[in-house]
Amino acid sequence: MMLIPLVLSLSVHEFAHAWSAWKLGDDTASRMGRLTLNPIAHVDPIGTVLLPLLGIPFGWARPVPVNPARFRQNVNMSTGMALTAAAGPISNILLAVLSTVALALCWRWAPTAIAPGQGVGELLQIMVLLNVNLALFNLIPVPPLDGSRVVDGFMPARLRPQWERVTALSPFLLLAVFVFAGRIISGPSSFVVGLLAQLAGAITA
């Protein structure tokens, strides 16, 4: 039940990185066969397959290569990298919204499809929660997570020395993120899920 949603969500996440880079002029990922929704192109044996099979609700895919030097001349490299990084979490939020809409429509028009034991309802609920948490986790501004590239792209020059001192500690910060990720994103996750619940309520009303 966890493997299918995770593989789908991570594949869409990495595709979004590749697609946004391609739209900005960088065809590196496209030339490497990563501009695709085919999970095989993005699967990491440990992060995408082994951890879900072990029941661990966490994972990762192979990072999409992005070369900012290949962006179009009218695209600032820092801004382009920030936009490319943001595309991944945004795609997960979109998947969460689409899964919420699908769940609400099933509840209203085909309740038997999401009845206990059918599996469809549980899969859609996992898709919602998984994608919300993936988006929020990746937005944490600690390298190499997407949030760090977003912050880096828009960091004012006067604050860059302080930011570079923070990034120098990234291995330790990343370890702390893995340990405390649940506490870090629990509040924002509840807030976003609450908004999605309101959306579902509006559809089923």
Ranked by accessible surface with a 1.4 Å probe, highest first, in what order do 70, 34 come? 70, 34
Please report, in debye to the nearest 20, how large the charge dipole of the chain is about its Cα centre when each Lys and Arg carries +1 at its beta carbon and each Asp and Glu carries -1 there. 380 debye
Where does helix 77-109 land angle-wise versus the long Cα axis of the chain, in degrees 0 to 90, nearest 10? 0 degrees
Any chance you could run the full-extension gain for residue 183 through residue 115? It's 0.36 nm times the residue separation minus the Cα-Cα distance, nm to one decimal. 21.3 nm
Which value, in nm² and rounded to one decimal, describes the direction-averaged projected area of the C-alpha convex hull of the range 68-167? 8.7 nm²
Compute the signed sum of charges (Lys and Arg +1, Asp and Glu -1) over the other residues within less than 11 Å, Cβ to Cβ, of residue 28. +1
Most fluctuating residue of 96, 41, 86 in a GNM of the chain with Cα springs under 10 Å: which is it? 41
Taking the alpha-carbon centroid of each part, what is the distance from the range 127-155 to the range 1-79 in angstrom? 14 Å
Just grab the label-to-label distance for residue 1 and residue 27, each label 7 Å out from Cα along the Cβ direction, in nm (one decimal). 4.5 nm
Estimated dipole of the range 1-114 in Debye, rounded to 20 [Cβ of Lys and Arg +1, of Asp and Glu -1, Cα centre]: 180 debye
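If the chain between residue 174 and residue 101 were fully stretched, how many nm would it gain, using 0.36 nm times the residue separation less the Cα-Cα distance?
On the way: separation 73, 0.36 × 73 = 26.28 nm, distance 3.37 nm.
22.9 nm is the gain from fully extending residue 174 to residue 101.
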Rolling a 1.4 Å sphere over the protein heavy atoms, what is the accessible area per residue of the chain, to the nearest Å²? 55 Å²
Carbon/sulfur fraction of accessible area - the range 133-188, other protein chains in place, 1.4 Å, %: 71 percent
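The values are calculated or read from the model by the stated rules, or taken from the named source; none is laboratory data. The model shown is predicted, which means the values in this text are computed figures rather than measured ones. Glycine gets a Cβ as well: all are built from the backbone with ideal geometry, and neighbour counts include every protein chain shown. Areas reflect the complete protein model, heavy atoms only, side chains present, ligands, DNA and RNA absent. Shrake-Rupley method; radii C 1.70, N 1.55, O 1.52, S 1.80 Å.
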